[in-house]
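FYI, it's all coordinate maths here, none of it is from the lab. All of these numbers come straight from a predicted model, not from anything done at the bench. Counting neighbours? That spans all protein chains shown, and the Cβs are built from the backbone with ideal geometry, glycine included.
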Amino acid sequence: MTSLRDFARDQLDRVEQRSLTRHVVQTERLGGTRVRRGRREFVSFSCNDYLGLTHHPTVIASAREALERHGTGAGASRLVTGSHPAYAELERLLADMKGTERSLVFSSGYMANLGVIPALVGKDDLIVADQLCHACMWDGARLSGATVMRFDHNSLDRCEEILKAHRAGFGRCLILTESVFSMDGDCGPISDLSAMAARHGAWLMSDDAHELVMDRPSGADVKMGTLSKAVGSCGGYVCGPSELIEWLTNRARSLMFSTALPPSSVAAATAALRIIREDVELCRRPVENARRFTAALGRPPAVSAIVPVIVGEPGRALAASAMLQEHGLLAVAIRPPSVSADTARLRFAFSALHEAEPIERAAELLKKHGYA
Ligand SMILES: *Cc1c(COP(=O)(O)O)cnc(C)c1O
C-alpha cells in the first residue's frame, strides 16, 4: 500500500491542477470590516458577521460575564451534564422571534442539520431538495438513508413534478430549501413550497442561516438556522412545535453525543438576539449596502446581504480575488465543490458596518477588469 504521505501528496496534486487547492490563511479580524493578513490590512467582504455583533460592546460584556461566572466550557452534552440555565432564555427568544412553540440549540448549524434530518425521515421516506441547498443539508439527507431527489434551483414546477411522480411510493416526505441561498443570495419560495408541501402530504424544512431579521414570517414546518452568522456567536438551532423539539431531544445524535456550547457563546447569542429584535435600522443596513454594490454594477437590486459575482473558471475567480487584494479589498474566490463547475465566483457578503467607498471601489474595479 502507498504511504499516507504519498497518498495525500498525489491527491493534492490533482486538486492543484484544477486550481481548486484551498489554504487556511491566517487572518486577524480588527473589528468593523477590517482584517489583517500578514503585514497587510484589507476591507473584508468575506465575513458573515452581517451586523457586526461579534464586536458589539453589549454582546462582549454578556459573554465576558458568563465566562467569568460559569467558566470556559460546558463540560459535557446537554443531556449528560444538564442544560445550562442560559439556554432556556436563548431558546425562548428564538422560538418567539421565529413564531414557533419551541426551539432547540445545537453546537453548530451543521450539527443541527446532521441531527434533525435523520430524526425526521429514514429509509422508506423521500427527501426532495433544491439543488443549491447547503452541503450540511445534503450530509444530513445522506445520513438519514432516505431516497433523495433534487429539483432545479427555485423551480416550483420541477419540485411538484417530482412529488407527483414519486411521493406516493414513500412513507414520509421532507422538502428542503433555504430562505436565503448562501452562495447566490437569492431567496427560496417558502410560502409557495409550504402550500405545495401541504398539498402533497410533505413537511417543509427551511435553512435560515443567512437570515438577518429573525422574525420574517415563514411557513416552513421546521426552521433551522445558525447563531454564527448575523447573530455573531456560534451554535445552530431548530424551531418548531413542542413535540418535535421533544423528539429531537431524544433522537438527534449530534445533540446527544456532542458537548454543549460554552456558556459565554450562549450568553453572546442571547444578547445579540435582543439587539436584533430591537434595532430594525441595524438589520436593514447589510441589504442597503448590498444594493449600493448592485447599483454600482448596474444589476437589479440585491434581495439579501449576499451578492455573487460569477466569473466562470476557478482560475479566473482566483485572479479576480487577487486583483481586488492588490487594492486592499478581500473577497475570497468560491470554487467547486462549494459551487458547481463553471460558476466559480467572488461572493460578497455585506455588513451593516461597510462604508460606501470600498463598496463602490470594488464594483468599479470589477467592471474595469472585465469581471462584472
Ligand atoms: C453556514 C451555513 C450552515 C452551517 O452553520 P454553522 O453554524 O456555521 O455550522 C448551514 N446552512 C447554511 C445555508 C449555511 O450557510
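Can you give the convex hull volume per residue for the Cα atoms of region 77-205, as a whole number of Å³?
Working: hull volume 15.3 nm³, N = 129.
In region 77-205, the Cα convex hull volume per residue is 119 Å³.
Kindly put 59, 266, 332 in sequence by how many other C-beta atoms sit within 10 Å of each C-beta, fewest to most.
On the way: 59 25, 266 30, 332 22.
In order of increasing Cβ crowding within 10 Å: 332, 59, 266.
Ranked by Cβ crowding within 10 angstrom, fewest neighbours first, how are 166, 84 ordered? Before the final figure, lay out the partial values.
On the way: 166 14, 84 19.
Ranking 166, 84 by Cβ neighbours within 10 Å, fewest first, gives 166, 84.
For the chain, what is the convex hull volume of its Cα atoms per residue in Å³?
Numbers: hull volume 62.3 nm³, N = 372.
Roughly 167 Å³ of hull volume per residue.
Can you tell which of 87, 45, 104 lies farthest toward the positive end of the dipole of region 1-124, using +1 and -1 charges on the Cβ of basic and acidic side chains (Lys, Arg; Asp, Glu)?
Going by the charge dipole, the pick is 45.
So what is the relative contact order of region 1-106, in percent, for Cα pairs below 8 Å that sit 6 or more residues apart? Can you show the working numbers first?
Values: 48 pairs, mean separation 9.8, N = 106.
About 9 percent, as a whole number.
If I build a Gaussian network model for the chain, linking alpha-carbon pairs within less than 10 angstrom, which residue out of 165, 295, 320 has the largest mean-square fluctuation?
Comparing 165, 295, 320 in a Gaussian network model of the chain, the most mobile one is 165.
Given the C-alpha atoms of region 151-253, compute the convex hull and give its volume per residue in Å³. Let's see the in-between values first.
Values: hull volume 12.5 nm³, N = 103.
Taking the convex hull of the Cα positions in region 151-253, it is 122 Å³ per residue.
For region 218-326, what is the largest minus smallest coordinate of the Cα atoms on each principal axis, given in angstrom and ordered from greatest to least?
49, 35, 31
Pairwise over distinct Cα atoms, reciprocal of the mean inverse distance: report the Kirkwood radius of region 79-139 in Å, one decimal place. Show your work: numbers first, answer last.
Values: mean 1/r = 0.0728 Å⁻¹.
Result for region 79-139, one decimal place: 13.7 Å.
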